[in-house]
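Worksheet for the structure shown next.
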Amino acid sequence: MQKVNGESMVLRFRRSVKIAPGVRLNMSKSGPSLSVGGRGATANFSKRGTRTTVGIPGTGLSYTSSSRSSNRTSQRQLEREEKQRRRIDAMARVKVSIDDSGVLTCLDGDGLPLKGRELSMMWEQQGEAIRTLLINAADQINGDVDLLGNIHLDAPHPSQTRLLATEAFPETEPTRPSPAKKPPEPTVRLPDQPGFISRLFGGSGRHERKVSQLKNKHALAVDSWRARCATIDAESARSIASWKAAHAEWIEQRDAFAHRSEIADTEHRGKLAVDADYSADILTEAVQSLEWPRETLISFQLDLSGKNVWLDVDLPEIEDLPQRVATMAASGKKLNVKAKPQKTLRMEYARHVHGIALRIAATAAAVLPWAETIQLSGFSQRLDKATGVINDDYLFSVVFTRAGLEKINFEALDAVDPIEAVTAFEHRRKLSATCVFKAIQPFSPD
């Protein structure tokens, strides 16, 4: 080391030996290296790696790239690439889940939670799909509240015009043939009158002969056209006549089918009025075909002579209704889940069970036209806190009449409150202002 003007300066020694055109052997303290190339492009090889320089002579512009040849450095590069590959693979297998409390979790393919920039990227790229997942989860937590509260919307009109399902006439109505298209009438274009000079050289005669030829040709074309139109008219008339015959036969068969359906419906009504077993089968079939969001069991007795129907309904318990409510957080990235207020839960339950009563009563009246009174009592299994015993407690007992049911606008049931509708009939029920049911003694068939 040598000092210059009091400062330290490092001296490096480098020697270059030319061994071939464009090839030099460089000697330095760091070891020998080999340079290949000349002006514009040079490659240097040494134990530290390869250094390549490409430039444009005379401009001072050049580009240099280096690659280290150390085994250790190459191993690190391979490890970095493998780590990156594994991370990309893990990110390609991201799983999104929502727990019962509404918290959303994003896990990579290795089961590790996404954080920071990766989580932000997930929301940027898949935000809409994740929000849809949150909405579906909220719907699942909230349950079918609308269906439970509006079960009465499927109630049929109590007095049906037709009791048996009206099947459509299976035969397709014959289609009237479309009007036949006729070809256009042939036209003729006559040549213009010859000029003065043409007439001087016999042009008039040639013009007359040309006109005569065109007129004769046009007359033949018109005759052929008229014959074609006559054929089309005849074919069209035959098609219309064939269609009229087929259509008349179809109408006759359709009317006969409708008449047979009316006879079957009349016979069905007559059999219902005199055959208790037949009525019981029909009511059983009707009740079993009803779709319920919660388990609902029905038993009944029939009195044809008194025109009465008694129904006992095993209602779902209040615990069967959704107990929690989920809403989307303001951030849009999680759900807020909380227990439903007891008053809200009791009000939903009251609306549901009254809707059940209205729907079943209307169904019984619709399929049993002889029934003038439908007495329905609903009970539920409830825990007696004084004894610890689960009892079948009757919550209400209602005497529906056909006349009263017919006053309800079944065309606008969405405007009907099932609790108010049931209350309009004679009933036994102990329901507080906060929708708490107390057990009652139901009406008896005796």
Could you pull out every one of the aspartates and glutamates with an alpha carbon less than 16 Å from that of LYS115, ignoring same-chain neighbours closer than 8 positions?
GLU124
Once amide hydrogens are built 1.01 Å from N within the peptide plane, the residues lying 5 or more places from VAL416 or on another chain with amide H under 5 Å from its amide H are none
Whenever you get a sec, compute what percent of the accessible area on the stretch 314-397 sits on carbon and sulfur atoms (1.4 Å probe).
54
For GLU426, other-chain or 5+-apart residues with amide H closer than 5 Å (H placed, Pro excluded) are VAL399
First compute the accessible area of the stretch 135-192 with a 1.4 Å probe, then give the percent of it belonging to carbon and sulfur atoms.
50
Using only Cα positions of the stretch 365-446, each an equal point scatterer, no hydration layer, compute I(q)/I(0) via Debye at q = 0.13, 0.16, 0.20, 0.22 Å⁻¹ and quote the log10 values to two decimals.
-0.52, -0.74, -1.01, -1.12
Can you order the peptides 358-364, 142-148, 75-81, 152-158 by their average number of other Cβ atoms within 10 Å per residue, highest first?
358-364, 152-158, 142-148, 75-81
So if R0 is 45 Å, what FRET efficiency would MET328 and GLU406 give, r being the distance between their Cβ atoms, rounded to the nearest 0.05?
0.55
Protein-only accessible surface order, largest first, of ASP110, ASP192 at 1.4 Å:
ASP192, ASP110
Can you list residues whose amide H is under 5 Å from LYS340's amide H, if they're 5+ apart or on another chain and H is modeled 1.01 Å from N?
ARG324, VAL325
Please work out the Cα convex hull volume for the stretch 87-190 and give it in Å³ per residue.
437
The lysines whose Cα lies under 24 Å from the Cα of LYS271, excluding any fewer than 8 residues away in the same chain, are LYS307
Can you give me the distance in nm between label points at SER120 and LEU133, each placed 7 Å from the Cα along the Cα-to-Cβ direction?
2.1
Stokes-Einstein D for the stretch 248-366 at 37 °C, 0.692 mPa s, Kirkwood Rh over Cα pairs, in µm²/s?
177
In whole angstrom, and with the biggest value first, how far do the Cα coordinates of the stretch 300-418 range along each principal axis?
64, 45, 18
Students often check this: by mean Cβ neighbours within 10 Å, which of 283-290, 401-408 ranks highest, and how do the rest follow?
401-408, 283-290
Surface per residue (accessible, 1.4 Å probe) for the stretch 351-417, Å²:
39
At a Förster distance of 41 Å, what's the computed FRET efficiency of LEU112 paired with MET347, Cβ-Cβ distance as r, to 0.05?
0.35
Kindly report, to the nearest 10 Å², the accessible surface of ARG199 as traced by a 1.4 Å probe over protein heavy atoms only.
120
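The values are calculated or read from the model by the stated rules, or taken from the named source; none is laboratory data. As the structure is a computational prediction, the values presented were derived from the model and not from experiment. FYI the Cβ positions are ideal-geometry reconstructions off the backbone, even for glycines, and counts take in every protein chain you see. In case anyone asks, the SASA skips ligands and DNA or RNA and just uses the protein heavy atoms, side chains included. Shrake-Rupley method; radii C 1.70, N 1.55, O 1.52, S 1.80 Å.
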